[in-house]
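Q: Input: one structure, supplied below.
The values are calculated or read from the model by the stated rules, or taken from the named source; none is laboratory data. On a predicted model such as this, the values are computed, not experimentally measured, just so you know. All Cβ positions, glycine included, derive from the backbone under ideal geometry; neighbour counts span all protein chains shown.
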Amino acid sequence: MVPMLFDVGAAELLVLVVLVVLLLGPDKAPDLARKAARLLKFLRGVANTATDQIKAELGPELADVDLSDLRPSALAAEVVPSDMRAEMVALKADLAGMQAEVERLRRDAASGLDAGLSKSISPPEATSPAPA
């Protein structure tokens, strides 16, 4: 199974093909498709070569390791006990709330500073002399 890069469905792909043909014309669209296919083939070759090199460097005892298992999030999921995961989710939510509060305070402070500066810069009000 190969994950799709941009998760483009059939309808989106058809729209993209129509747009390319309209923008580039029917003369240049096939050439662009060939170049894109060559680029994709080259990138897959580079990725496969890199994967093979990594597996060769790891040695025969780790040759069957799936490289997606080496992602930090996958490793953390294996190391963190299941009862701690709920606490981590709650902590993450608390941190997000704190970050939102800090941003709100920062915006309030900036708007208060702007208001204070505008008051100190504005000219004093003209006062009329008191009647005698």
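Q: If you scan region 11-46, which residues turn out to be of a type in the set (Gly, Ala, Ser) and either surrounded by 11 or more Cβ atoms within 10 Å (Cβ to Cβ) or in contact (Cβ under 8 Å) with a residue 12 or more places away in the chain (or both)?
A: Passing the criteria: ALA29, ALA33, ALA36.
Q: Criterion first (at pLDDT below 80 and not hydroxyl-bearing (Ser, Thr, Tyr)) does PRO124 satisfy it?
A: yes
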